[in-house]
Amino acid sequence: MDFHLVHTITFFMLVVVATNATMLPPQLYWKSMLPTSLMPKAITNLLHPAGYWSEEKGTWVDAGKGGVDVGVRKGYYEGGGTDMNVGVGRSPFSYNYAASETQLHDKPNVALFFLEKDLHHGTKLNLQFTKTTSNAATFLPRQVANSIPFSLNKVEYIINKLNIKKGSKGVQIVKNTISECEEQGIKGEEKVCVTSLESMVDFTTSKLGKNVEAVSTEVNKESNLQQYTIASGVKKLGEKNKAVVCHKENYPYAVFYCHKTDTTKAYSVPLEGADGSRVKAIAVCHTDTSEWNPKHLAFQVLKVQPGTVPVCHLLPEDHVVWIRK
């Protein structure tokens, strides 16, 4: 084929992709926006097969296999079930909230927090890692996600749309998640809850540009609460102290609470468990906590005051950190 013709066709394809970017499936939208960035497992684990949305079935139908229940599953919360360990309470990764009694006694969540001075080879931490379950709520294509309201003013409609049993724990989970998403961030925090992968990409690139990398904690096997040792090879990620951190929320389909501050550092932290297991963990350290709720879980666990020392926490496997390359 003629050299100029190849470039003409390539240019035409790029124009088509750019013109119809918002219509692309999530995977292709990622490639069109971030062609040199690999998807971390936290993202790929939440992608559904190629197919189409069935309004009648209330699910994403795999066109090649006749249909599988992924994405939104009607009736998923009928019995009050949930994928996440946080339960009905507020997320420990939100700066606004005081720790509840339940969170203070939740050993896996308590163990996530530590001081930056302890982020070095040889430090021992009691941790528990769980792998993302196969029935985890997955991403919906943006067109589908945008067709479902995400507002406290529309809670009744949402509950009916997703067929959540009234009076179940699932109703309160939905209300809590939306409420947390709608609340004002702290001073210096830019936040948004994204209901699709495309929206996550858009928010991140609007804050950090397109030369970005997404990383997540990688767990090779689940573990009970046990002692882990930080191995050699702790590495600071990205440039300056800028990152977008996206926390997986408790919801019938994939929703992430994404936020950016200019006082956040990201680290890659290799861990070795007492049982021989290895984890490629991602940690985030906050150098300015002066605007956090004084009764936040981190302060109560670490016995420190807001704004005095950098506070760090490890991220579960289904959370994502975005950094500049």
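Distant-in-sequence amide contacts of residue 228, defined by a placed amide H-H separation under 5 Å and a gap of 5 or more residues or a different chain, comprise 125, 126, 127. Taking 10 °C and 1.306 mPa s as conditions, region 232-280 diffuses translationally at an estimated 120 µm²/s according to Stokes-Einstein applied to its Kirkwood radius (Cα pairs). What do you get for Rg/Rh over region 94-324 if you use C-alpha atoms and the Kirkwood form of Rh? In region 94-324, Rg relative to Rh is 0.96.
Kindly flag which residue pairs out of 41/221; 280/303; 31/207 have an alpha-carbon separation exceeding 22 Å in this structure. As for pairs spanning more than 22 Å Cα to Cα, those are 280/303.
For region 201-217, putting each phi into the Karplus relation 6.51 cos²θ - 1.76 cosθ + 1.60 with θ = phi - 60° gives couplings of 4, 5, 4, 4, 5, 6, 9, 10, x, 8, 8, 10, 10, 10, 10, 8, 5 Hz, in residue order, rounded to whole numbers and with x for Gly and Pro. Once you keep just the Cα pairs under 8 angstrom separated by 6 or more residues, what percentage relative contact order results for region 94-324? Answer for region 94-324 is 31 percent. Taking the average, over residues, of other Cβ atoms within 10 Å as the packing measure, peptides 249-255, 188-194 rank 249-255, 188-194 from highest down. Once backbone amide H atoms are built at 1.01 Å from N, residue 243 has 261, 264 as its partners under 5 Å, excluding neighbours fewer than 5 places away on the same chain. Remark: region 94-324 carries 42 Å² of accessible area per residue (probe radius 1.4 Å; ligands, DNA and RNA excluded).
The values are calculated or read from the model by the stated rules, or taken from the named source; none is laboratory data. Nothing here was measured: the structure is a model prediction, and the numbers come from that model. Because the Cβ atoms are built from the backbone with ideal geometry, glycine has one as well, and the counts that use them run over all protein chains shown. The accessibility values were calculated without ligands, DNA or RNA, using every heavy atom of the protein model including side chains. Shrake-Rupley method; radii C 1.70, N 1.55, O 1.52, S 1.80 Å.
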